[in-house]
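One structure is given below, encoded as structure tokens.
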Amino acid sequence: MSDEKEFSALLIRHFSAIKALSPLEISALYRHYEVLVRWNKALNLTSIRRLEEVVVRHYCESLFLAVHLPGGSASVLDFGSGAGFPGIPMAVLRPDCRFVLAESHRRKAVFLREATRGYDQVRVEARRAEDVPGSFEWVVSRAVRWNRVLPVVQSCVALLLGQQDAEAVKQAPGFHWLPDVPLPWGDSKFLVLGARFRA
């Protein structure tokens with residue numbers, strides 16, 4: 001089975017119970033995967049190599065976050081985008097939203113620009129998320145410490161966290177938190193959604 005067919009089959013198997021993906025969406029996700037594999041040889045964008053694990057941990061988790069974002073257009077900052085997660089899969093599933101991928105590592109930012117070529121609603125910022133100008137309705141992140149993310153949140157935040165961090169973030173002052181949403185792939189991860197209290 002070719003990588004593309006296997007990638008598509010795994011994505012459908014692990015995500016179709018949550019939301020059906022169109023052939024165009026699957027194709028766009030696979031194009032990102034192709035670029036990721038090519039650049040990963042030089043940049044070490046991800047240490048995960050096994051295809052099924054890549055599909056579940058990177059793509060399905062990011063798509064899960066996109067599904068739980070409220071409907072309608074929104075501006076979204078991906079804090080520490082790295083290899084493009086969760087921002088790029090989110091942009092595939094939510095073309096109605098505008099995304100800024102913040103990545104301070106210059107070569108990773110170059111990768112992100114290559115990976116998002118043709119995405120009119122995505123902008124890459126080669127700087128720390130804390131230094132990105134403008135305001136955002138949502139800040140999203142995975143694999144970045146939550147206590148680094150919260151200070152830049154102006155309105156709402158969505159975080160993919162392990163159980164311990166999901167409990168700890170609730171102690172942060174100034175936020176209202178929704179009940180955690182467990183990810184359905186059995187690895188004790190949670191989607192945590194919150195909103196900053198208005199002064």
Practice problem: Please say if segment 1-148 is rounded, prolate or oblate, where rounded means a/c under 1.5 for a ≥ b ≥ c the square roots of the C-alpha gyration tensor eigenvalues, and otherwise the choice is prolate for a/b larger than b/c and oblate otherwise? | Solution: oblate
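Once fully extended, how much extra length lies between Glu34 and Val132, figured as 0.36 nm per residue of separation less the alpha-carbon to alpha-carbon distance?
Taking Glu34 through Val132 to full extension adds about 32.5 nm, to one decimal.
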Quiz item: aspartates and glutamates within cross-link reach of Lys170: Cα-Cα under 15 Å, excluding same-chain residues under 8 positions apart?
Solution: Asp180
Quiz item: Under a straight-distance cross-link criterion of Cα-Cα below 16 Å, which lysines are reachable from Lys41, leaving out those fewer than 8 residues away in the same chain?
Solution: Lys108
Quiz item: Which order do Phe111, Phe190 fall in if you start with the one that has the fewest other Cβ atoms within 10 Å?
Solution: Phe190, Phe111
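What fraction of the DSSP beta bridges in the chain is antiparallel, stated in percent and rounded to the nearest 5?
The antiparallel fraction comes to roughly 40 percent.
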Quiz prompt | Phi to ³J(HN,Hα) by Karplus 6.51 cos²θ - 1.76 cosθ + 1.60 over segment 125-137, Hz, x for Gly, Pro | solution = 10, 7, 7, 4, 4, 5, 9, 6, x, x, 10, 9, 6
Practice problem: Kindly state, to the nearest 0.05, the FRET efficiency for Ala17 paired with Glu114, given R0 = 41 Å and r defined as their beta-carbon distance. | Solution: 0.80
Quiz item: Along the charge dipole of the chain, Cβ charges K/R +1 and D/E -1, which of Ser8, Thr46, Val157 sits furthest on the positive end?
Solution: Thr46
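Suppose every K and R has +1 on its Cβ and every D and E has -1 on its Cβ; what is the size of the dipole of the chain about the Cα centre, in Debye to the nearest 20? List each step's numbers first, then the result.
Values: 26 positive and 21 negative charges, 89 e Å.
So the dipole magnitude of the chain works out to roughly 420 debye.
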Quiz item: Ser75's amide H: which non-local residues (gap 5+, or another chain) put their own amide H closer than 5 Å, with H modeled 1.01 Å from N in plane and none for Pro or chain starts?
Solution: Arg98, Glu137, Trp138
Quiz item: Using θ = phi - 60° and the Karplus curve 6.51 cos²θ - 1.76 cosθ + 1.60, what whole-Hz ³J(HN,Hα) does each residue of segment 7-20 get, with Gly and Pro shown as x?
Solution: 4, 4, 5, 5, 4, 5, 4, 8, 10, 5, 5, 8, 7, 6
Quiz item: Which listed residue (Ala168, Val110, Phe85) has the Cα farthest towards the positive end of the charge dipole for the chain, taking +1 on Lys and Arg C-beta and -1 on Asp and Glu C-beta about the Cα centre?
Solution: Val110
Quiz item: Once you list every other residue whose beta carbon is under 11 Å from the beta carbon of Ala129, what net charge do they have if Lys and Arg are +1 and Asp and Glu are -1?
Solution: -2
Practice problem: Pick out, in residue order, every one of the trypsin sites (Lys or Arg not before Pro) in segment 44-131 that is DSSP loop and has at most 16 other C-beta atoms within 10 Å; say none if there are none. | Solution: Arg49, Arg50, Arg117, Arg127, Arg128
Quiz item: Cross-link partners among lysines for Lys19, C-alpha distance below 26 Å, same-chain residues fewer than 8 apart left out?
Solution: Lys5, Lys189
Exercise. Grab the other residues whose beta carbon is less than 15 angstrom from that of Ala172, score K and R as +1, D and E as -1, and report the net.
Key: +1
Quiz item: segment 11-44 to segment 69-147: how many Å between their Cα centroids?
Solution: 17
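Given only helices, namely DSSP H runs of n ≥ 4 each adding -39500 (n - 2.57), what is the per-residue ellipticity at 222 nm of the chain, to the nearest 500 deg cm²/dmol? Mind showing how you got there, number by number?
Details: 8 runs with 73 residues, N = 199.
That calculation yields -10500 deg cm²/dmol at 222 nm.
The numbers here are math on the coordinates, done by the rules we state, and not lab data. Worth saying up front: this structure is predicted, and the values here are computed from it rather than measured. Note: ideal-geometry Cβ built from the backbone for every residue, glycine included; neighbour counts use all protein chains shown.
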